[in-house]
1. Taking every eigenvalue of the Cα gyration tensor of segment 89-184, multiplying by 5 and rooting it, what semi-axes result, largest first, whole Å?
2. Kindly work out what percent of the DSSP beta bridges joining two residues of segment 89-184 are antiparallel, to the nearest 5.
3. Of all beta bridges DSSP finds with both residues in the chain, what is the antiparallel percent, to the nearest 5?
4. So, by mean Cβ neighbours within 10 angstrom, what's the order for 241-248, 74-81, 219-226 with the highest one leading?
5. What does the highest-first list of 37-49, 82-94, 100-112, 186-198 look like by mean Cβ count within 10 Å?
6. Need one number: % antiparallel among DSSP beta bridges in segment 1-135, to the nearest 5.
7. Can you tell me the relative contact order of segment 89-184? Whole percent, Cα pairs under 8 Å, sequence separation 6 or more.
8. Arranged from highest to lowest average of other beta-carbon atoms within 10 Å per residue, in what order do the peptides 15-22, 262-269 appear?
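None of the figures in this text is laboratory data; all of them are computed from the coordinates on show. The shown structure was predicted, so the numbers you read here are calculated from the model rather than taken from an experiment. In this analysis, Cβ positions are derived from the backbone assuming ideal geometry, glycine residues included, and neighbour counts consider all displayed protein chains.
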Ligand SMILES: [Mg+2]
């Protein structure tokens, strides 16, 4: 039996992008209105493992689809890896495999994009133009002593034509060279959730228990939230089916809803008077 859901008790919401707000590039019906309703209750951060675009590019794209989101309200794995490097090592020299979003966020955080020979770190995100030459250059950097970090390691991601290889497939190519990433910072790694919480508002000093993660994936959204002691709500507008949930051996979401719209409607209903 599920706990009754009262969305008013949370001080922040972390919301996954694909499968919660949009699907196949199209806004999910009712999701924009639901996001607006959540923003009236508490700060919202869109937390995505997609590293291909910058926070700004994602925010522009979401706004064009009707979601009231600013760049500061988007945290993706490109931003997470840039912030993680900055916090742990300061500005560093990076050989990056990825797309423009990853390059933008690394530079914005003060890191320098360099040739393999000069790299202190190899950072890997999704690169839909990955090829043997790039793998060779990564090898050069690693042989030169660079450390390996991945933005995320999602094996695949869904498209209308079926799943396509995710960043995890590229990490796998490098693993085949004999190198294991020292960190994969995207969801379910708590690093991603901490960066998202700190993006909400540094003055609130949020604890994970004050926030609700809303996602469509059990192995990233729900699993990652559980690792931090954060509650998670699963919505069924993305990759997870009720059968998947039934078979899932990991932590259970605190709440399950057909969609973000349904979750918010349920969570805003006036609860029983308590005396
Ligand atoms: Mg998703």
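1. Semi-axes (√(5λ), whole Å): 22, 15, 11.
2. Values: 2 of 14 bridges.
Of all bridge pairs located within segment 89-184, approximately 15 percent are antiparallel.
3. Details: 4 of 34 bridges.
Counting DSSP beta bridges with both partners in the chain, the antiparallel share is about 10 percent.
4. Values: 241-248: 11.2, 74-81: 30.1, 219-226: 23.6.
Ranking the peptides 241-248, 74-81, 219-226 by packing returns 74-81, 219-226, 241-248.
5. 186-198, 37-49, 100-112, 82-94
6. Details: 2 of 15 bridges.
Antiparallel: roughly 15 percent of the beta bridges in segment 1-135.
7. Working: 173 pairs, mean separation 24.1, N = 96.
The value is 25 percent.
8. On the way: 15-22: 23.8, 262-269: 18.6.
By packing density, highest mean first, the sequence is 15-22, 262-269.
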